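Down below is the structure, laid out as structure tokens.
The values are calculated or read from the model by the stated rules, or taken from the named source; none is laboratory data. Bear in mind that the values here come from a model prediction, so they are computed numbers and not experimental data. Neighbour counts are summed over all protein chains in view; Cβ atoms, including those assigned to glycine, are modelled from backbone coordinates with ideal geometry. Each accessible area value is taken on the protein alone, full model and side chains, heavy atoms only, with ligands, DNA and RNA left out. Shrake-Rupley method; radii C 1.70, N 1.55, O 1.52, S 1.80 Å.
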Amino acid sequence: MVVRIPESLPARMYLLAYDLRKKKMTKRGRHLGYLLRAAALTELFLDGRLGDDEKARPRPGTPGADPYGLVAQIGGASRPRSWQHWVRKDGKEIAGIVRDELVRDGMIRVRERRVLGLFTVEDVTVRDPRVVKALWGGASSALRGRPVAHVNSYDAAAIALAAACELSSVLPGADRRRHKRRIEELTARSGPAPRAVRKVLQAERAAASSG
């Protein structure tokens, strides 16, 4: 039976955020939103639908599909904004859209449950673990295999985004340290969004530590 891999980079990163051993998502809430926004921005950049202006801010590029409406948001903004701004914006919305796409495609199952009778938690189950394993295999080969210039662009981006968001289901801390130079080379291939999401998370940690 052929394993069907999602075409979109956000859908792939959503599945890569799932820990097969623990059978749960490793990222939730706004951090999952940041990851998926960065993935969507990366996909648009790699396809030429977004570019950089003279101050390294995103701008609309070649006309084409805009499945999550990011190009329209960026093009319709009152003034240019940084890549970090667009990573942070509407993260909850894109997480819901990507989740629903994967549910419709039969790739995940989502069950809601109440915790302490106060709030709702979503339990996500991947229906076919081979899909996650195939995605992980592609990312792993990007990290350890052929020359960087020959790596599939989405596999390179998966490593860049996983490193930026400290996605332990793909890149445990030991691997991030061991392959630091290779990760930097793959990140350079993947456009501005992986570095932008790293800066967003670093700023959050700095703000939290300063109280």
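Miscellaneous remarks
- For segment 99-123, the set of residues classified as under 22 Å from the mean Cα position of the chain (by Cα) and not in a helix (DSSP H, G or I) consists of D105, G106, M107, I108, R109, V110, V121, E122, D123, listed by residue number.
- Matching residues in segment 66-114 - criterion: being within 16 Å of R37 (Cα to Cα), aliphatic (A, V, I, L, M) and open to solvent by 50 Å² or more (accessible area, probe 1.4 Å): A72, I97
- The residue pairs whose first member lies in segment 120-143 and is in contact (Cβ under 8 Å) with a residue 60 or more places away in the chain and under 21 Å from D175 (Cβ atoms), whose second member is open to solvent by 10 Å² or more (accessible area, probe 1.4 Å) and assigned to a helix (DSSP H, G or I), and whose beta carbons are closer than 6 Å, counting only pairs six or more residues apart or on different chains, are L135/R12; A139/D155.
- Out of R59, R30, R4, sole residue that is surrounded by fewer than 21 Cβ atoms within 10 Å (Cβ to Cβ) and part of a loop (DSSP other than H, G, I, E, B): R4
- Against the numbered list (1) part of a helix (DSSP H, G or I); (2) open to solvent by 10 Å² or more (accessible area, probe 1.4 Å); (3) of a type outside the set (G, A, S); (4) in contact (Cβ under 8 Å) with a residue 24 or more places away in the chain, R177 comes up short only at (4).
- Against the criterion of being closer than 15 Å to L9 by Cβ, at pLDDT 95 or above and open to solvent by less than 50 Å² (accessible area, probe 1.4 Å), L201 does not qualify.
- Test: residue in segment 20-34 that is under 20 Å from S153 (Cβ atoms) and modelled with pLDDT under 95: no
- Contacts under 9 angstrom Cβ, first residue in segment 149-165 being without any contact (Cβ under 8 Å) to a residue 60 or more places away in the chain and more than 13 Å from G191 (Cα to Cα), partner among the basic types (K, R) and open to solvent by 40 Å² or more (accessible area, probe 1.4 Å), 6 or more apart: A149/R189; V151/R189; A163/R176; A163/K180; A163/R198
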